[in-house]
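Reading through the structure tokens given below for one structure.
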Amino acid sequence: MSLFLTSDHGELRVTNIVPQQVGQLTRGQYNAILDEFTVRYIGPVAPDFGMDSELTADRLPITHWLSEEAAKRLARFSRAANKGTGSGHPLDLERWLAFLIQVHRERATLDAYTLSRWLVEEEGWPEEKASDLASEFEFGRDLLKAYDAAR
């Protein structure tokens, strides 16, 4: 297994854990490995460097990346849309575009990967449709940024 760390402003963060012998880890396996790594390796040496070790929650609400308003628009889209067609229906597209515009206006930090995971894990979207929406999300954000730059 490979455990990837990054250092940012005096904080050490685990960015990923990649298994070597299985295709992927379950959430429980990932968290158990992270717990063991923290207890066994980080906890004992952190005080020697004047640091604390802390495990954050294993799930963050979508409002970690979005304002309440953008989160409401995303939820409105997700709960009303046909999960087989994504943004294909005109009314679903209208709600999806309202979400994209809000995200752009507020310069939200949500990325396509996190959006896709949220749609699958929290809203029950099929992975393929969530991936399609994530691609639309990236394209929409890029288009709106290019539009702003061209004005």
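The values are calculated or read from the model by the stated rules, or taken from the named source; none is laboratory data. Owing to the predicted nature of the structure, the values given are computational and were not obtained by experimental measurement. Because the Cβ atoms are built from the backbone with ideal geometry, glycine has one as well, and the counts that use them run over all protein chains shown.
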Is it true that Thr109 is exposed (fewer than 12 other Cβ atoms within 10 Å of the Cβ) and hydroxyl-bearing (Ser, Thr, Tyr)?
yes
Among (1) modelled with pLDDT of 95 or more; (2) assigned by TED's automatic domain parsing to the domain that holds Arg27 - the single one Glu68 does not satisfy
(2)
Every residue from segment 63-97 that is buried (at least 17 other Cβ atoms within 10 Å of the Cβ) and among the aliphatic types (A, V, I, L, M):
Leu66, Ala70, Ala71, Leu74, Ala81
In segment 86-122, anything outside any loop (DSSP other than H, G, I, E, B), among the charged types (D, E, K, R) and at pLDDT below 95 is listed as Arg117, Glu121, Glu122
Restricting attention to segment 1-34, and to residues there that are surrounded by 10 or more Cβ atoms within 10 Å (Cβ to Cβ), of a type outside the set (A, V, I, L, M, F, W, C) and not in a strand (DSSP E or B), which single residue is modelled with the lowest pLDDT?
Arg27
Six or more apart or on different chains, Cβ under 6 Å: which pairs go from a residue in segment 130-151 that's in contact (Cβ under 8 Å) with a residue 40 or more places away in the chain to one that's surrounded by 12 or more Cβ atoms within 10 Å (Cβ to Cβ)? Could you list them?
Asp132/Gly86; Leu133/Gly86; Gly140/Leu100; Leu144/His104
